[in-house]
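These notes are about the structure you will find just below.
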Amino acid sequence: MILGIAISTLVKPVLAAGATDLTHLHAGQPSRTPIGWQQFCVDNPNDCRTPRSTATVMRLDDKSWNELLRVNLMFNKAIEPVTDEDQFGVVENWNYARTGKGDCEDYVLEKRRELVKRGWPLSALLITVVIDKEGGGHAVLTVVTDRGEFVLDNQTDKVLPWSKSGLTFIRRQSPENQNVWQDLGRFLGRPDVVTAAIKASR
């Protein structure tokens with residue numbers, strides 16, 4: 001329960017006319033793999049040798065919802081924000097925040113690893129490249145659940161539906177194979193653009 005309120009009273013899937021479920025992002029064609037992910041796999045080969053799997057969404061209930069909130073907040077507080085340029089002298093360095101410092105990708109990788117340790121399926125935890133509200137390149141963790149897709153972002157402690165995040169979604173990992181990336185077609189996660197989204201019950 002969240003402040004005494006069950007998740008079922010806060011969010012619910014909303015379907016558009018027909019079969020299109022706009023609570024979920026819909027990936028398109030294969031996309032170019034980010035250089036940062038390629039470099040991460042060179043440095044952490046065991047973390048990239050996962051077999052292909054069936055796409056699995058996470059069942060979202062009070063327990064799993066609160067777990068998302070805790071993990072997002074935990075790493076947002078624990079990691080000191082610093083650019084790769086300032087810390088390593090390079091533009092991109094995707095890795096775990098072993099120094100206690102990092103940029104957006106490091107937050108994402110730590111949150112993803114922690115949720116996997118807690119039993120979340122890797123196919124529901126997708127590293128996603130976006131454009132943030134200020135127009136800059138950014139990375140977030142998109143969590144695919146049976147109640148829609150939610151964003152874990154180091155720029156906010158709130159866990160928001162993708163459609164209310166204000167982010168522009170560019171590409172992300174395939175749920176079947178984390179080493180394959182898929183185009184998201186620059187979907188803008190903003191309620192006045194998306195015609196249907198996860199909405200709070202009134």
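The values are calculated or read from the model by the stated rules, or taken from the named source; none is laboratory data. The shown structure was predicted, so the numbers you read here are calculated from the model rather than taken from an experiment. Virtual Cβ from ideal backbone geometry, glycine too; neighbours counted across all protein chains shown. In case anyone asks, the SASA skips ligands and DNA or RNA and just uses the protein heavy atoms, side chains included. Shrake-Rupley method; radii C 1.70, N 1.55, O 1.52, S 1.80 Å.
Structure above, values below:
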read-out	value
Neighbour-limited loop hits for trypsin sites (Lys or Arg not before Pro), the stretch 100-181 (at most 15 other Cβ within 10 Å; DSSP other than H, G, I, E, B)	Arg118, Lys133, Lys158
Fraction of accessible area attributable to carbon and sulfur, the stretch 44-202 (%, probe 1.4 Å)	51 percent
Part-to-part distance (alpha-carbon centres) for the stretch 64-129 and the stretch 148-193, which is given in Å	15 Å
Cα gyration tensor shape for the stretch 19-109, rounded if a/c is under 1.5, else prolate or oblate	oblate
Using a Förster distance of 25 Å, the FRET efficiency for Lys63-Glu176 (Cβ separation, nearest 0.05)	0.40
Entries of Lys63/Lys117; Lys77/Lys158; Lys133/Lys164; Lys77/Lys101; Lys101/Lys133 with Cα pairs more than 19 Å apart	Lys101/Lys133
Zone of Asp146's modelled label, taken as backbone nitrogen in the stretch 54-94 under 15 Å from a point 7 Å along Cα→Cβ	56-65
Förster radius 30 Å - calculated FRET efficiency between Lys117 and Gln38 (Cβ-Cβ, nearest 0.05)	0.80
Net +/- balance of residues flanking Thr56 in space, Cβ distance below 11 Å, scoring K and R +1, D and E -1	-1
Rough spin-label spacing in nm, given labels placed 7 Å along Cα→Cβ, for Leu188 and Thr83	2.7 nm
